[in-house]
Amino acid sequence: MKYAVFFLALLAMPPLGVALSLNRRWMKYAIWGMIGALAMYQSTAINFFSYEEYRGSSRGMEVSIVYLLAFALLVAAVFKHRLPKLIPSFGAFLYIVYFLLCLPSYATAENTLFCWMETWKMIMIYLVYLAVRAYLDMTDNVKVLMKGLAAFAVWNFLLVVKDHISGVYQPHGVFPHQNCLAMGMHLFAGMFFACYLAGGWRKSFLNIAAFVASTACIVRTYSRGAIAMIPITFFVTFVMSFVASAKGACMRLFMRIIPLGMIGLLGLLVVLPRIIERFENAPESSGNTRVELALCAKEMIIDEPWRGVGINNWGIKIKAPYEYAERARRDSDFKNSQEDGIVETVYLLVCAECGIPALVAMLAWFLRYLVLCVVLAKKLSGTYYAAIPVGIAGGLVSCYLQSFLEWVLRQQMNLILLMVFFALLDHLAANVSRLRSESAEKGVVNA
């Protein structure tokens, strides 16, 4: 039944795209619909070729309403004669290079269907990138997207509160896992923290609510890595806010951070005992497992340094008849951890499955947007828009560092969010001169 509903929805997308092209205001409901569907991803997505018990980064060929609405927005762009380029930016080019360098791993894969499930995911998230970029180029309405993202953060927080009341130890909100939640919320926390610093309490209550909600979600996951990254997110954001602020605004930034710091300190004191307990009583086996799985990844890289052992084939290659687990535990008494888990760092996972060239391409793709944040913070300095790259930079630094301990940046929802933020950055980069001129005409500066 659900497949029939999906195909009917797919058939409805071209007419919807045509309808969206007739009225620009309707497009905001489509972009909000994408974000809303992402907030309910688990209940609005279906899996073709589902393998729920498989231990890999993709367990099926997932199709979501998010992708269908992205397709509708692209149809609208075609009918408005604003067909987006397939590779609209240098960052997009680097992603395509990364994607292509993952394909040679098919040759060494045990199961090409599993390869296809991950490849499908990579194609679909790029569709989301193109759709968000097309929406922004057609409407020039960044604020609509920002409101949608703020509502996403607040809704996620409400679900975390519900789980907390229900006694869930590590809630995950709208995400599939608490670590996904923690890493995803760093991007939101950084961006909305920067928006608060740029505008203060009087500018936008929704921004402040999104910032508080995002930060609270990170802390409440009790994820050690994510909590350790919180000071880094805020420090990078705060320092870059000075670079992007108008002249004479430095004292205002300090005055705005003092009351926020006091509120944050009170909140931290409330949950501090549980955080300390989480750090002190974490099982030693958790650290051992990370080491053992990293050694397995090393063995795979030694065997296949250029092509990897097959994208999304980790869960197969870690078991018999392959000897990677046996080779890795040569000097260890630790048993069976390899066959029950996946290497806990996205960098080793990509390198092991797809090879060194793919890892280098992925790193270049990641770093491109971090550098772009710094460039945009300088070029948009003195405007409200500067807060966006400033905050995203803080979140990206934490996500990239935390990825040494987690493979979350291969999870579907986190990748979709990453693409949304990257599309937003590319839109700002393509319109720097116009945004500065408009801000100057309106007299809008960071005050």
Any chance Lys121 is open to solvent by 20 Å² or more (accessible area, probe 1.4 Å) and assigned to a helix (DSSP H, G or I) = no
Provide a single number: the residues in the range 17-44 that are aliphatic (A, V, I, L, M), within 24 Å of Met413 (Cα to Cα) and surrounded by 15 or more Cβ atoms within 10 Å (Cβ to Cβ).
-> 8
Give Leu418, Leu401, Leu409, Leu363 a once-over and let me know the one that is at pLDDT 95 or above, under 22 Å from Met185 (Cβ atoms) and hydrophobic (A, V, I, L, M, F, W, C).
-> Leu418
Within the range 332-352, tally of residues that are out of contact with any Phe, Trp or Tyr (no Cβ under 6 Å at 6 or more places or on another chain), part of a helix (DSSP H, G or I) and modelled with pLDDT of 75 or more = 5
Could you tell me which residue of the range 128-143 is nearest to Phe175 (Cα to Cα), considering only residues that are crowded, with 19+ Cβ neighbours inside 10 Å and hydrophobic (A, V, I, L, M, F, W, C)?
-> Val128
Odd one out for Cys102 among (1) surrounded by fewer than 23 Cβ atoms within 10 Å (Cβ to Cβ); (2) modelled with pLDDT of 95 or more | (1)
Is it the case that some residue within the range 201-208 is open to solvent by 20 Å² or more (accessible area, probe 1.4 Å), modelled with pLDDT of 85 or more and among the aromatic types (Phe, Trp, Tyr)?
-> no
Can Ile65 be described as more than 19 Å from the chain's Cα centre (by Cα) and either open to solvent by less than 30 Å² (accessible area, probe 1.4 Å) or over 14 Å from Leu113 (Cβ atoms) (or both)?
-> no
Name the residue, out of Met40, Met13, Met61, that is closer than 29 Å to Leu349 by Cα and either of a type in the set (Lys, Arg) or touching a residue at least 60 places away in the same chain (Cβ under 8 Å) (or both).
-> Met40
Restricting attention to the range 431-446, report how many residues are modelled with pLDDT under 55 and under 28 Å from the mean Cα position of the chain (by Cα).
-> 1
Would you check if Leu380 is over 16 Å from the mean Cα position of the chain (by Cα), open to solvent by less than 40 Å² (accessible area, probe 1.4 Å) and more than 17 Å from Val420 (Cα to Cα)?
-> yes
Determine whether the range 212-222 contains at least one residue that is under 24 Å from Tyr95 (Cα atoms), open to solvent by less than 30 Å² (accessible area, probe 1.4 Å), assigned to a helix (DSSP H, G or I) and out of contact with any strand residue (DSSP E or B) (no Cβ under 9 Å at 6 or more places or on another chain).
-> no
Considering only helices (runs of 4 or more DSSP H) fully contained in the range 1-102, which possess at least 2 residues that are basic (Lys, Arg)?
-> 24-39
Apart from one, (1) open to solvent by 50 Å² or more (accessible area, probe 1.4 Å); (2) at pLDDT below 95; (3) of a type outside the set (S, T, N, Q); (4) out of contact with any Gly (no Cβ under 8 Å at 6 or more places or on another chain) all hold for Ala70; the odd one out is (1)
Quick one: how many residues across the range 45-60 are on the phi < 0 side of the Ramachandran plot and open to solvent by 30 Å² or more (accessible area, probe 1.4 Å)?
-> 7
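The values are calculated or read from the model by the stated rules, or taken from the named source; none is laboratory data. Remember, predicted model here, so these are calculated numbers, not experimental data. Neighbour counts run over all protein chains shown; Cβ positions are idealised from the backbone, glycine included. Side chains are part of the model used for accessible areas, which takes the heavy atoms of the whole protein and leaves out ligands, DNA and RNA. Shrake-Rupley method; radii C 1.70, N 1.55, O 1.52, S 1.80 Å.
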